[in-house]
Structure formats: C-alpha cells, structure tokens
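Structure first, commentary second.
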Amino acid sequence: MDAGTGGQGGQDGQLRQDGRSGQDGRRGPDYSRRQVLSTAGLAAVAVPLVTSGKAGPIRRVAALLRQADQAGAPQPEQVHVQFGADAAQQVAVSWATPAPVSRPTLRLGQPSQGLGIEVPAEQRTYTEALSGETVWTYHARLDHLSPATQYVYEVLNDGATPVPGMFRTGPRGRSGSFRFTSFGDQAIPAPVGAGLGPNTPNAGYIVPAVERLDPLFHLFNGDLCYANVSDAPVQTWASFFANNTRSAANRPWMPAAGNHENEVGNGPQGYLSYETRFELPDNGSASFRGNWYAFTVGSIRVISLNNDDVCLQDGGFSGFRRDHVPTYVSNGDNPYINGYSSGAQRAWLEGELAEAQQSGDIDWIVVCMHQVAMSSAHFNGADLGIRQHWLPLFDTYGVDLVVAGHEHHFERTFPVRGTLSGSNLLTPAPQSSDPTLMDTTKGTVHMIIGGGGHSFPTPVADFDAPHDGVLITGVGPGSPQSQHPTITTTEPAPWSAYRDLQTPYGFASFDFVPHEPGGTTSITVTHYGAALGSPVYSPLDQFVMRKRLAGNRTGSQLAAASATR
Ligand SMILES: [Fe+2]
Ligand SMILES: [Fe+2]
C-alpha cells in the first residue's frame, strides 16, 4: 500500500494498453533549447528587475564571457523553477551541486536580448539523517519581472559550465488564458541504491508528456520521489530532479508535501529535505516555511497544503529509516505528525481563503494537496481528518477545485458542499449530477490524480462493486517504532462523478479561460492516461468547470453551505 511501506509492490496483471490514439498534437509557443543556448553571448540589456530576500543585489553583467571549466569544479544540477506569491512578477530558480561551490549565480535575460542580469543565489544545506551526506542547494529569487513574458537564464558557479533554462511569467489578472497540468505520486524512472523505493519507466515517460502540452506551470500533488523509503534518499532526490528538470527547468513545478516527503529524522517533521530543496512562497511561518503556501496566477489563487498535519493515517512511517537512521531512538524521532502545526496551518488557510474570496481579482480558488477527502478505492481510502479540518473551510470560502494524489488512480467528483443528511462520516453531498459540465459556485470539485509513476498503481480489485466510498476513520495503537494501523469503513459515494479503473498512469491538463463571451470563466480539464511501459499518454476523459464571473462568491453560497452542513 501507499502509506508506510511505499515499496515496489506487485505490478498487477490487469494493466492494459488503452488502445486510443496518441497525443492530441497541441503545442504551445515553441522556444527551443537551441534558441536558449544561442542567447548566451549576446549583448547585455537593461531589464527592470531586482531580487528580494537574502540573496543580495543583482549585478549587470559587463561581459558575457563563458567561464572556462575548471577541472573538478562541481556542476549545477537538478535545476527547477518555482513561482513566487505573484506569478506575474516573481520566480525562483533552484538547483543543487554535489559539493559546495563559490559564487553560485543566475544570469537572466529575454530571448532576443541576451543574459544581461546577474543574480547571486542563496546557499541552503541539510544533512541526511540516514547517511550523513550533506546536500547543497542554491536559490535565486527574482522579483519585478514583466507579466506574461518569456525569460531565459543560466545557472553557474566558479569553474562550472552554465546550465540553461527558461520560464514564462503569468499574465496579470484576467488578461490571458493559460494551461496548467497536475499529477502526484511520481517516484523515479529506475532503481537507485538497493532499489527499495518505487520506480517505473512511466515516472520518466510522464515528463515529456507534460512538456509537450507546454503548460504555464505544473501542480505536483505530493509523494514526489519516495526518498523516505529508500536506502539511498539523496540519490533518490537526485534521480527525481534529473528526470524532471527536462520540464521543471522550463516552467514552475509547484509541489505539495505528501506523506512520503516525511523523511523521519530530517528536521522536526521530516520535511527538511523538501524545505531545503524548494524555494516556495512565504507563508509567514519561520518553523514551517514551504510546508504550505499560496500564489496567484491570472485570476486563480492556488493554495498548497500539507495534509499530514490533519490526516489520521500514519503515512510517514518507514521501517527502513526506523532500523537504519542512527539517531532515530536517541532523538525521539516520530513519523506520526498529526496535529504538528497546532492549528497554525488551519489559521493561515482560513486567512488566505477569506482574502481570496473577498478579492475582486480572484475568480478561482484551486487547492493542491496530497491525501484525499473522497476515494472509492481500498488503497489508502479518504481521510476523515481532511473532512473535519479542511472541508468546512472549502465550503465557507468557495474553493472551486482540489487536486490531490495519494490514491494511485484517477477519480473525480461532482461539486460537493455540506454533508449527506444524517451522515456521521461527514460524507460530502453532491450539488449536481452532470459529469461533463460543472458549476463550481455550487461546490468544490475534487480530483485524485495519483498516477504519476509509482510502481504500485491502485489495483482494480481495490474498487468495490457496487460502487462505494472508503474512509479512514482512525488508527489503532502504534508508536515511533510501530506504524499505527488504519481503521477504515465504507460509505455511499454519490459524490463520485468518474473514475478510471484500468489506466494506471496519467496526469491532467487544465485549460483556463479568464473571461468568455456572456460573462463566464471556465477551466476545461483533460485526463491523459498511459499503460505500464508505454510513453503514449492519450486523452481519456474531459469535463468543463464554468461559472459566472460576477458575484461568484456571494452570500447565497454561504447560505447554501450553512444549510447543508
Ligand atoms: Fe503515493
Ligand atoms: Fe501518499
């Protein structure tokens, strides 16, 4: 199963090639790597830009001379991009090196104008509790960029060969359409170390499949590489980023921390590797920086949550780390972290949702998180803790869409708000019954997109017939040395709009239109799926979320929520 073991598991024999034809051929504007490379060496140009935070001032590059490689100089690797809180003007570029370096730097420019801006990067490190290895990461923060603009960059340090990349900033407000993509539970494309962690070829194939759709950004719904169950966690992370940098160096991959990001022993909640490797929008908390955050892109507010704070399931347990982290017992390490923020995340979330609801510039609220509020699979099941802590807030403040993972299949719900009458399981109540067109002013659409590449997709046998929901309602006795067993029950599932029992791997794309004729805004969602071992990701399911632009978060919505809960 997913939580706790995270191991390879059996590949079930029921996976099949869907048989539909390949990619739809859509591509966004091309900007080839050859073109990026060709910009190096062009004349420097003034770009209105300053850095923010601790990384220090920018410098104009007097001469764009490539530095000669120095024998043995560590090379930048694992390059990836993130949005800041305002995607129209803030971006961070992050990377790692295998040893400490001098003068880690980003050079930035626009495609036709060369790399005229030089930005020093901040170094952040951590030491892996299992192996004692130190990991060096670097983060260059960019602010006051121009909206809806293509930038090119390269990262380097003294003696290194520069590594190129590019990104686009988001449009300002409702000024432009764009696409984003999402999946969770990817793992890595080939074994590392003793091969304890999950891996499949699809964890590799999904990256160019996403890249072909040219999204503005990607939402990664947790369980990134499963380093917490590997005997070689640092190499697992390196494999993960080496695999994903093909896309993540060219567009922000914005993560949510899943239960397998909890590498017990690495910091108080096990998230130190995750926190060190990503540069995410500030959430105002020094203790939990990066664990949850929000950013605005166009008229969408995206909120990333860390559900292990509220989930009942003991999802971070790793027998390997229990047995091999030298300081596990002496440090009192405990992977069961339910309630760890003591309400700080919930308070932040409510403030963020209230601000988004009241903003005249925000039309959509999208939540990216890992564990799910509804599932029809006996894999992990949904978690009652999410229903208790998050769903009332989602109802009150009108969250439109939740993307999640944890369950290793694809499933989506009707808009839900409130609970079924008399339900002591807080079973969400569907507010409409059309699976192809949904009005999210009526409720929140939840999506499970957990087929990123893990080697144990949800087996067909995990789905009940007749169709019902599966819910984790508690855990049994456990300890830091012994995983708490989950207690589950089943429930009616009138919320379930569509599920795919056959296609193990996939991702979703979201085509956002900020303003349609007639005064509506929409997001068209397409699920692309692939068989085990196949690089062909085919469109298998599509639906539209559409809502009126004006008055879409009004008192009538709040009244509906209070009437049904
Ligand atoms: Fe997972
Ligand atoms: Fe998970």
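Brief remarks on what is shown
- Yes/no for P189 being away from ligand 2 (no atom under 16 Å from the Cβ), touching a strand residue (DSSP E or B) at 6+ places or on another chain (Cβ under 7 Å) and either aromatic (F, W, Y) or within 19 Å of Q82 (Cβ to Cβ) (or both): no
- Restricting attention to the range 226-247, the residues that are within 12 Å of ligand 1 (Cβ to nearest atom) and in a helix (DSSP H, G or I) add up to 2.
- N250 being under 17 Å from the mean Cα position of the chain (by Cα), in a loop (DSSP other than H, G, I, E, B) and more than 16 Å from ligand 1 (Cβ to nearest atom): yes
- Flag for D323 being of a type outside the set (V, I, T) and open to solvent by less than 40 Å² (accessible area, probe 1.4 Å): no
- With respect to (1) more than 16 Å from ligand 1 (Cβ to nearest atom); (2) of a type in the set (D, E, K, R); (3) closer than 25 Å to V402 by Cα, the lone exception for D223 is condition (1).
- The residue pairs whose first member lies in the range 411-423 and is touching a residue at least 60 places away in the same chain (Cβ under 8 Å), whose second member is aliphatic (A, V, I, L, M) and assigned to a loop (DSSP other than H, G, I, E, B), and whose beta carbons are closer than 7 Å, counting only pairs six or more residues apart or on different chains, are T413/M374; T419/L426.
- Residue within the range 452-463 that is farther than 19 Å from A404 by Cα and assigned to a loop (DSSP other than H, G, I, E, B) present: no
- Restricting attention to the range 335-361, the residues that are more than 28 Å from H484 (Cα to Cα) and surrounded by fewer than 19 Cβ atoms within 10 Å (Cβ to Cβ) add up to 8.
- Pairs meeting the criteria (first residue in the range 444-468 and among the aromatic types (F, W, Y), second residue crowded, with 24+ Cβ neighbours inside 10 Å, beta carbons under 9 Å, at least 6 apart or on different chains) are F456/D2; F456/G6; F456/P198; F456/H408; F463/S376; F463/A377; F463/H409.
- Those residues of the range 272-291 which are free of Cβ contacts under 8 Å to residues at least 24 places away in the same chain and within 16 Å of ligand 1 (Cβ to nearest atom), in sequence order: none
- Lone qualifier among E154, E118 - being open to solvent by less than 20 Å² (accessible area, probe 1.4 Å), acidic (D, E) and part of a strand (DSSP E or B): E154
Yes/no per residue for (1) within 16 Å of ligand 2 (Cβ to nearest atom); (2) closer than 30 Å to G170 by Cβ; (3) touching a strand residue (DSSP E or B) at 6+ places or on another chain (Cβ under 9 Å):
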| position | (1), (2), (3) |
| --- | --- |
| H218 | no, yes, yes |
| G222 | yes, yes, yes |
| A232 | no, no, no |
| T236 | yes, no, yes |
| E261 | yes, yes, yes |
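- Tally of residues being away from ligand 1 (no atom under 16 Å from the Cβ), part of a loop (DSSP other than H, G, I, E, B) and either at pLDDT below 95 or open to solvent by less than 10 Å² (accessible area, probe 1.4 Å) (or both) across the range 374-416: 7
- Residues that are over 17 Å from the mean Cα position of the chain (by Cα) and in a loop (DSSP other than H, G, I, E, B) were ranked within the range 256-271; the one that is farthest from ligand 1 (Cβ to nearest atom) is P268.
The values are calculated or read from the model by the stated rules, or taken from the named source; none is laboratory data. This structure is a prediction, so every number in the text was calculated from the model and none was measured. As a convention, Cβ positions derive from the backbone with ideal geometry for all residues, glycine included, and neighbour counts pool all protein chains shown. To get the accessible areas, we keep the full protein, side chains included, count just its heavy atoms, and leave off ligands, DNA and RNA. Shrake-Rupley method; radii C 1.70, N 1.55, O 1.52, S 1.80 Å.
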